[in-house]
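Novice: The structure's right below; bear with me while I get my questions together.
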Amino acid sequence: MAATAREDGASGQERGQRGCEHYDRGCLLKAPCCDKLYTCRLCHDNNEDHQLDRFKVKEVQCINCEKIQHAQQTCEECSTLFGEYYCDICHLFDKDKKQYHCENCGICRIGPKEDFFHCLKCNLCLAMNLQGRHKCIENVSRQNCPICLEDIHTSRVVAHVLPCGHLLHRGYRCPLCMHSAFDMTRYWRQLDAEVAQTPMPSEYQNMTVDILCNDCNGRSTVQYHILGMKCKICESYNTAQAGGCSFSLDQQ
């Protein structure tokens, strides 16, 4: 659970208890906005009606000797290590996860650094295997996830880069452009089998419908099926009805 706020050294988190659900650290941050002590900015923001600016933190309190001191990696009184990793810009204390501070992002990222590059147009760090192989969208991370609405740029949850170039935390289809988020070929083939095993009632077997494919943007006329309508061009089931239904003459 998140650590309880402390206004002095005599209450709240038990002495010697390291970190919170978000970070493993040996100190509490003194919030410059309200002078309360919290294990991290997330614990602070979950309990207060305002946000903690991590860059303005100047002081921390050791969890062992409870001395309040200038933000640094090791306690000046009892030598407690506040964090295996420490960034004096973000004031991030945590166990070593090969973190690095990206000057272009303005915050720390989980590394190792050599596995990532910063795309100047997208304005975020991406895996090296995406260099030259992703669709750039300017400042794509400077927005909330369209699924969970959490800020993507500062989120601790890994964001997925979709083939369309958009970012989101989870979901199989981009809610912005409606393209499939991942290679859905295997799922489409499973759906083929389900459609084949689920015949429509006789009165609907000759019904056709106009569809628009969200993946290839193609239009086609296909047989209506309750489980999904398959694009004739790219064989995706990520489609939407684009017109009314019609029947062959012998069914009308």
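The values are calculated or read from the model by the stated rules, or taken from the named source; none is laboratory data. Remember, it's a predicted structure, so these values are computed and weren't measured experimentally. In this analysis, Cβ positions are derived from the backbone assuming ideal geometry, glycine residues included, and neighbour counts consider all displayed protein chains. Side chains are part of the model used for accessible areas, which takes the heavy atoms of the whole protein and leaves out ligands, DNA and RNA. Shrake-Rupley method; radii C 1.70, N 1.55, O 1.52, S 1.80 Å.
Novice: Can you tell me the Rg and the Dmax, both Å, for the Cα atoms in segment 100-153?
Specialist: According to the Cα coordinates of segment 100-153, Rg and Dmax are 11.3, 30 Å.
Novice: Got a sec to turn the phi values of segment 181-198 into Karplus ³J(HN,Hα) couplings, 6.51 cos²θ - 1.76 cosθ + 1.60 with θ = phi - 60°, whole Hz, x for Gly and Pro?
Specialist: After applying 6.51 cos²θ - 1.76 cosθ + 1.60, I find 6, 9, 5, 9, 3, 4, 5, 4, 5, 5, 5, 4, 5, 5, 5, 5, 8, 10 Hz.
Novice: Please give every one of the aspartates and glutamates within straight-line cross-link reach of Lys232, meaning a C-alpha to C-alpha distance under 14 Å, and leave out same-chain neighbours fewer than 8 residues apart.
Specialist: The reachable aspartates and glutamates, counting only those whose Cα sits under 14 Å from Lys232, are Asp192, Asp210, Asp215.
Novice: Using Cα positions and a limit of under 18 Å, work out the aspartates and glutamates in reach of Lys58, with same-chain residues fewer than 8 apart set aside.
Specialist: Output for Lys58: Glu7, Asp8, Asp35, Asp45, Glu66, Glu76, Glu77, Asp88, Asp94.
Novice: Going by Cα centres, segment 32-89 and segment 90-114 are how many Å apart?
Specialist: 17 Å
Novice: Same structure again: How large is the Rg to Rh ratio of segment 184-247 when both quantities use alpha carbon positions and Rh follows Kirkwood?
Specialist: Values: Rg = 11.3 Å, Rh = 11.9 Å.
Rg/Rh: 0.95.
Novice: In percent, how large is the relative contact order of the chain, given Cα pairs closer than 8 Å and 6 or more residues apart? Present the calculation step by step, with values, prior to reporting the outcome.
Specialist: Details: 465 pairs, mean separation 20.4, N = 252.
Normalised by residue count, the contact order of the chain is 8 percent.
Novice: What's the percent breakdown of Cα-Cα distances in segment 58-149 across 5 Å bins, shortest bin first?
Specialist: Pair shares across the bins are 3, 12, 18, 16, 16, 12, 9, 8, 5, 2, 0.
Novice: Then there is this: Counting only Cα, what are the radius of gyration and maximum Cα-Cα distance Dmax of segment 21-99, in Å?
Specialist: Answer for segment 21-99, Rg first and Dmax second: 11.6, 34 Å.
Novice: For Gly111, which sequence-distant residues (separation of 5 or more, or a different chain) have an amide H within less than 5 Å of its own amide H, given hydrogens modelled in the peptide plane?
Specialist: Here the answer is Gln99, Tyr100, since their amide H atoms fall under 5 Å of that of Gly111.
Novice: Counting heavy atoms of the protein chains only and a 1.4 Å probe, report the per residue accessible area for segment 65-122 as a whole number of Å².
Specialist: Roughly 55 Å² per residue, with all protein chains present.
Novice: Using a 10 angstrom cutoff on alpha carbons, build the Gaussian network for the chain and name the most mobile of Leu28, Leu167, Leu130.
Specialist: Highest fluctuation among the options: Leu130.
Novice: Another question, then. Using the 2.2 N^0.38 Å rule of thumb for compact globular proteins, work out how the chain stacks up: its C-alpha Rg over that value, please.
Specialist: Details: Rg = 26.3 Å, N = 252, 2.2 N^0.38 = 18.0 Å.
With N residues counted in the chain, Rg over 2.2 N^0.38 Å equals 1.46.
Novice: Do any chymotrypsin sites (Phe, Trp or Tyr not before Pro) in segment 182-252 lie in a loop, going by DSSP, with at most 13 other beta-carbon atoms within 10 Å of their beta carbon, and if so which?
Specialist: Values: sites: Phe182, Tyr187, Trp188, Tyr204, Tyr224, Tyr237, Phe247; in loops: Phe182, Tyr224, Tyr237.
Those that pass, being in a loop and sparsely packed, are Phe182.
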